[in-house]
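All of the numbers you see were taken from the coordinates with simple rules; none came from a lab. A quick note: this is a predicted structure, and the numbers were derived from the prediction, not measured. FYI the Cβ positions are ideal-geometry reconstructions off the backbone, even for glycines, and counts take in every protein chain you see.
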Amino acid sequence: QLSLFRLTMKRLFSASHSSVDSKEMKKFQLLAQKWWDEEGEYSALHSMNDIRVPFIRDTLLNMSSNYHLGNPLSGVKILDVGCGGGLLSEPLGRLGASVTGIDPLEDNIRTADQHKSFDPVLAKRIQYKSSSLEEIVEECMETFDVIVASEVVEHVADLEMFIKCCSQVLKPEGSLFITTINKTQLSYVLGIVVAEKIIGVVPEGTHEWEKFVPPEELERLLESNGFSVKTVNGMLYNPLSGSWSWMESTSINYAMHAVKSGAQGQSSPADVPSELGSEQPLATAGTTV
Amino acid sequence: TSAAMAAVWGRGLLAPLSGRPRAGPRARLRPGLRSVAAAAAAPLYDVVVSGGGMVGSAMAAVLGHDIHFHDKKIALLEAGPGKEYDRMPDSYSNRVSSISPGSATLLSSFGAWDHVCSLRLKPFRRMQVWDACSEAMIVFEKDDLDDMGYIVENDVIMSALTKQLNAVADRVEVFYRSRAVGYTWPLPSHSCDTSPWVQIELSDGRRLQTKLLIGADGHNSIVRKEAEIKNIEHQYDQSAVVATLHLSEATDNNVAWQRFLPTGPIALLPLSDTASSLVWSTSHEHASELLAMDEESFVDSINSAFWSNINHSDFIDTAGAMFRSAISLLKPSGTAVRQLPPSVAKVDPESRAMFPLGMGHATQYVQHRMALIGDAAHRVHPLAGQGVNLGFGDIACLAHHLSAAAFNGSDLGSLKHLLKFETERQRHNVSLIAAIDMLKRLYSTRLAPLVLLRTWGLQATNALPPVKVRI
């Protein structure tokens, strides 16, 4: 989520020891109380749960052979990086997972802790910690079955280091789920101009187009750091209905699922990612609203 | 025209939906807001169903048997004692319901229908409905000789539901002899020190908390009143008289009979080859008379209501006959064979009872952390035999949305999926409720033009399969 500094530039500056950006932190500081207002500034993230939770749940269910439908993620240890107020941690916790949510902003963690405290089941299943990803790497080597980084990598200072850290805290063959925004003309128009300035469904200044990540680049970084990308799906937000849906084109928002290679360091030869980063026609995105 | 009427009715019944207050019932910051510590002491449930009648019990049972509610805690609050029978008493209860095939499907989805079948029920194949003021008649019958519906005593249904509730006692806790006396609603986006859950206070002082409160507490719903939801209601000047009757001779008794008298419809619902249940909607005075008169006179009144032609007028008879011949020219199969209803010989002593009738519709079915189902949401005249079936339909819809929400890890009390339930059910219910109310008014008169209208309407409807199927 919040990633430190990293003022655009090209990749000349590689020596950043943190992925947290203090400018980004300030943006979210002001909204730290607003997380749980379903109709407020974060309404789009609330409704994103309707597609991202089933995506995570079904992908994990498909990969495992023994599960109980009444408690589908029971026994799964999940790390929610950039958890904010806990919008995604809570549904995952309700589905039975043991969730650790981290966020560099203390106020966010405070809001998250306070919100989960009323539900004894969630209070037990979810632990929140104010921290960046790097800070927990040492004590959490190969600890988690799943990492979710939803709407985070577009705020991160050093994406490659972020991915390396994910790999370190993830068990072999563990899953990494990322949702983020593509860097295209369309995503600038719809994601920033329309979403922030015109309709105001995203608080103004939340996103910087320069930091958006094209799926091809994300995939390249993942594959070169020991991950095998399994799925890429485009996502579309309909501001009229306030709801998200899947779409073919990844021109605006997209979700990615990758698996860390096993102990031998080989990814299994049989996988073929379902959608490779060939250029998708932009026209389809615009007409679906 | 009925669609237009339904639309007008619909707007009236629903009231401006945009006016739904976001903060639940007008920010009721009553003294009910306790500190977190005290509230934390009250046990927290995922769902509490208030009202253990047929609809409330079925709702709790459906959720209890749902796989996605496997690790959830459900509570059912019922003011009366529990009722379970292994065998039914020999005599029939006078409160029966007409169960549609759809409702039977719902009941079998969690194993209750098997219990109903092993106790007792009466399937019927045909429904004959006719007008006392004319010869007009409409017959409902399924082509494939399937059962159209089932007449089941309410006690039988309750017994079956209780059995199935006991089967999931680890998930569903039933509080008998427990009446809720107060509800405290949370604000949707709560701040630090107030509990986000609904607080319930019972008459014995116990407290519960819940993430979702389902109000199934009947047409005088306290849940609805405490939520300050406006209810459009109307008392009919009618009471229903119920009784258990014995027929003059044993017969195949698989037809449900209803005749529209000017004072109200009289219906004979089959219970067995020799017994039927009476539901006679009539004026309050006439109902009291019927209850007071001796058994022989009572039986005579019933037979006369079904057989007498006293309300016919020549004009209507001729007009009706003309229309009928016109139809048989256009659609030879459009006029049905008139069967004769059975005649009644005896009434079960002590089985006569009466209760007042009215209609009602809640302008909202849901609010943050609250949903209404069954008579709490809508109340109809028994003339169409729809009352409890509408409630079962509510259950099927709400359970479907809650199940999906649970599988998505959502907060069960979230308005998002509750609104989907409300939209679906209001869309279905409003036109039906409006139609039933309109039928009741239409058939309450002797005025020739209206009689003619409904005569022709009934005959036409009888001749038109698409309309009949929809009903």
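Scalar couplings 3J(HN,Hα) for the range A:154-169, obtained by applying the Karplus form with A = 6.51, B = -1.76, C = 1.60 to θ = phi - 60°, are 7, 10, 7, 6, 10, 5, 5, 5, 4, 5, 4, 4, 4, 4, 5, 8 Hz; x denotes Gly and Pro. Modelled spin-label separation between B:Asp114 and B:Leu340, with each label point placed 7 Å from Cα along the Cα-to-Cβ direction: 4.4 nm. Just so you know, the Cα atoms of the range B:110-236 work out to an Rg and Dmax of 21.9, 70 Å.
Model label sites at A:Glu142 and B:Ser304, defined 7 Å from Cα along the beta-carbon direction, differ in position by 9.4 nm. Each of the peptides A:206-214, A:100-108 was scored by the mean count of other Cβ atoms within 10 Å over its residues; in descending order, highest first, they stand as A:100-108, A:206-214.
Order the peptides B:239-246, B:115-122 from the highest to the lowest mean number of other Cβ atoms within 10 Å of their residues. Before the final figure, lay out the partial values.
Numbers: B:239-246: 22.1, B:115-122: 18.6.
Going by the mean number of other Cβ atoms within 10 Å, highest first, we get B:239-246, B:115-122.
A protection proxy built from the mean count of other Cβ atoms within 10 Å ranks the segments B:357-369, B:94-106, most packed first, as B:357-369, B:94-106.
Counts of other chain beta carbons within 10 angstrom of each beta carbon in peptide A:94-104 average 2.
By the rule of a C-alpha distance below 29 Å, with chain neighbours fewer than 8 residues away ignored, the lysines paired with A:Lys164 are A:Lys10, A:Lys23, A:Lys26, A:Lys27, A:Lys77, A:Lys129, A:Lys183, A:Lys211, A:Lys230, A:Lys260. For B:Ser328 and B:Ser203, a Förster radius of 60 Å and the Cβ-Cβ distance give a FRET efficiency of 0.45, rounded to the nearest 0.05. Model label points for A:Lys197 and A:Lys23, set 7 angstrom from Cα along the Cα-to-Cβ axis, are 1.7 nm apart.
Hey, how much of the P(r) for the range B:334-442 falls beyond 20 Å, as a percent of Cα pairs? Don't jump to the answer; show the numbers that get you there.
Numbers: 3238 of 5886 pairs.
Distances greater than 20 Å cover 55 percent of the Cα pairs.
Shape of the range B:231-292 from its Cα gyration tensor (a ≥ b ≥ c, root eigenvalues): rounded if a/c is under 1.5, otherwise prolate when a/b > b/c, or oblate?
On the way: a/c = 2.64, a/b = 1.92, b/c = 1.38.
The shape class here is prolate.
Across peptide A:113-125, the average count of Cβ atoms from other chains found within 10 Å of a residue's Cβ is 3. Under 5 Å from the amide H of A:Gly101 lie the amide H atoms of A:Asp80, A:Gln127, A:Tyr128, A:Lys129, each residue being 5 or more positions distant or on a separate chain, with H modelled from the backbone and absent for Pro and chain starts. Taking 0.36 nm per residue of separation and subtracting the current Cα-Cα distance, fully stretching the chain between B:Ser248 and B:Leu291 would add 13.4 nm. Residue by residue along B:411-419, Cβ atoms of other protein chains within 10 Å of the local Cβ number 2 on average.
Restricting to DSSP loop positions (anything but H, G, I, E, B) with no more than 14 other Cβ atoms inside 10 Å of their own Cβ, which trypsin sites (Lys or Arg not before Pro) remain in the range B:383-449?
B:Arg446
For the range B:338-424, GluC sites (Glu not before Pro) meeting the loop criterion (DSSP other than H, G, I, E, B) and having at most 11 other Cβ atoms within 10 Å: B:Glu350.
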